[in-house]
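The values are calculated or read from the model by the stated rules, or taken from the named source; none is laboratory data. Keep in mind the model is a prediction, meaning the values are calculated, not measured. Ideal geometry is used to build each Cβ from the backbone, glycine not excepted, and the neighbour counts take in all protein chains shown. The area values use the complete protein model at the heavy-atom level, side chains included, leaving out ligands, DNA and RNA. Shrake-Rupley method; radii C 1.70, N 1.55, O 1.52, S 1.80 Å.
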Amino acid sequence: MTVPPTPLRFGYGTNGFTNHRLGDVLTVLADLGYDGVALTLDHGHLDPYAPDLPRRVAEIARDLDRHDLDVTLETGAPYLLDPWGKHQPTLMSDAAEHRIDLLRRAVRMAADLGSPTVHLCSGPAPHDGLQAGDAWKRLAAGVETVLETAEEYGVSLAFEPEPYMFVDTVERCLELAELVGGHELFGITLDVGHAHCVEERTVLECVRLAAPRLLNVQIEDMRRGVHQHLEFGAGEIDFPPVLAALRDLGHRGLVSVEIQGGSLDAPDVARRSIEFLRAAAA
């Protein structure tokens, strides 16, 4: 008898709910039937530098458990470390130790929250004359340092290729995986919209290329060459084949909606999104 594929599990990113208290975000998402949440560390919802951080983490862990929500922890808040420099400093910067410290904190928090993964990205390419080869070396060295902490806590790093960043494609993400020795805790977050936006490959080809290291998926609509996260149906992506490919691959991580610009209408955007995804997955 043929065993049916495991159903996909849908999450929603807290960076699309910036006008809500985090506790209310979890309540809304659970009421809408989401399976989990992609929790972005940032000033508003969960500040990794807050003086009462242990209390907040314990409180959120209880809320996640009460709502039966899975979680993946994200570190892509653009101005968390530098109010002037977007995604600065990076692991390639002279001040890379600040990014390393954030990522180590995130790993420890992920373990306390029950998140199997910490999401990260490269940030923009250096503009200070640093050669590409040296940038790769710095990036790999920073990731290897964070992997030491990841080993201690049993948390995987899920690296995301981002449009117009130093690591912007799945292929470059796999190159980084080789530079860190193919570490078993180094994986990939594939953003479906990003793949459509910048990859030369089709989205389905990107899914297949990322599959051996695929840990998380982010999803939204997008237009080719325009990095703007859109509601489903407002862009160009054909989603049923993408969701079918993920299901057929047996993807077990969250497939999380990321529509940062939807905060002013967040509950309705989240409702429309889960309805769309359920229909597209069927």
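Overall, the accessible surface of the range 68-112 at a probe of 1.4 angstrom is composed of carbon and sulfur to the extent of 46 percent. Spin-label model, residue 50/residue 153: points 7 Å from Cα along the beta carbon direction are separated by 1.6 nm. Look at the alpha carbon pairs under 8 Å that are at least 6 residues apart: their mean separation over the length of the chain gives a relative contact order of 21 percent.
The alpha-carbon atoms of the range 220-261, seen along their principal axes, cover 30, 19, 16 angstrom, with the largest extent given first. Taking the helices alone, the chain has a mean residue ellipticity at 222 nm of -13000 deg cm²/dmol, built from -39,500 (n - 2.57) per DSSP H run of at least 4 residues and averaged over all its residues.
How large is the accessible surface per residue of the range 209-278, computed with a 1.4 Å probe and reported in Å² as a whole number? Could the numbers behind the result be given before it?
Working: 3080 Å² over 70 residues.
Accessible area per residue, the range 209-278: 44 Å².
Multiplying the residue separation of residue 236 and residue 183 by 0.36 nm and subtracting their alpha-carbon distance yields 15.6 nm.
Ranking 163, 5, 23 by Cα position along the charge dipole of the chain, where only Lys, Arg, Asp and Glu carry charges on their C-beta atoms, puts 5 farthest toward the positive end.
Coupling constants for the range 107-122 follow from the phi torsions by the Karplus curve (6.51 cos²θ - 1.76 cosθ + 1.60, θ = phi - 60°), and in residue order they are 4, 5, 5, 4, 4, 5, 8, x, 8, x, 9, 10, 7, 8, 9, 7 Hz; glycine and proline get x. Counting 0.36 nm for each residue step from residue 112 to residue 171 and taking away their Cα separation leaves a gain of 18.0 nm. Among 82-95, 104-117, sorting by the average number of other beta carbon atoms lying within 10 angstrom of each residue, highest first, gives 104-117, 82-95. A cut-off of 5 Å between modelled amide H atoms, ignoring neighbours fewer than 5 places along the same chain, links residue 12 with 36, 37, 38, 257.
Give the accessible surface of the range 67-149 per residue, rounded to a whole number of Å², with probe radius 1.4 Å and ligands, DNA and RNA excluded. Present the calculation step by step, with values, prior to reporting the outcome.
Details: 3620 Å² over 83 residues.
In whole numbers, the range 67-149 has 44 Å² accessible per residue.
Normalised by 2.2 N^0.38 Å, where N is the number of residues, the C-alpha radius of gyration of the chain stands at 0.95. Once the convex hull of all Cα atoms in the range 187-282 is built, its volume per residue stands at 90 Å³. Using the Cβ-Cβ distance between residue 132 and residue 79 with R0 = 30 Å, the FRET efficiency computed as 1/(1 + (r/R0)^6) comes to roughly 0.70.
Can you give me the % of accessible surface on the range 218-282 that is carbon or sulfur? Probe 1.4 Å, all protein chains present, nothing else counted. Please list the in-between numbers first.
Details: 1460 of 2950 Å².
Heavy-atom surface of the range 218-282 belonging to carbon and sulfur, 1.4 Å probe: 49 percent.
Here the Karplus relation 6.51 cos²θ - 1.76 cosθ + 1.60, evaluated at θ = phi - 60°, turns the backbone of the range 80-89 into coupling constants of 5, 9, 9, x, 9, x, 5, 6, 9, x Hz, with x for every Gly and Pro. Note on the range 162-212: along the principal axes its Cα atoms extend 29, 22, 14 Å, ordered by decreasing extent.
Assuming 0.36 nm per residue, please report the length gained on full extension of the stretch residue 32 to residue 68 beyond their Cα-Cα distance. Don't skip to the answer; put the middle values down first.
Numbers: separation 36, 0.36 × 36 = 12.96 nm, distance 1.26 nm.
Fully extending the segment from residue 32 to residue 68 adds 11.7 nm.
Reducing the range 54-129 and the range 225-254 to their Cα centroids gives an inter-centroid distance of 24 Å. Cβ-Cβ distance of residue 224 and residue 94, R₀ of 30 Å, FRET efficiency by 1/(1 + (r/R0)^6): the value works out to about 0.25. 3J(HN,Hα) couplings calculated from phi for the range 37-44 with the Karplus curve 6.51 cos²θ - 1.76 cosθ + 1.60 (θ = phi - 60°) are, in sequence order, 9, 9, 9, 8, 6, 7, 4, x Hz; Gly and Pro show x.
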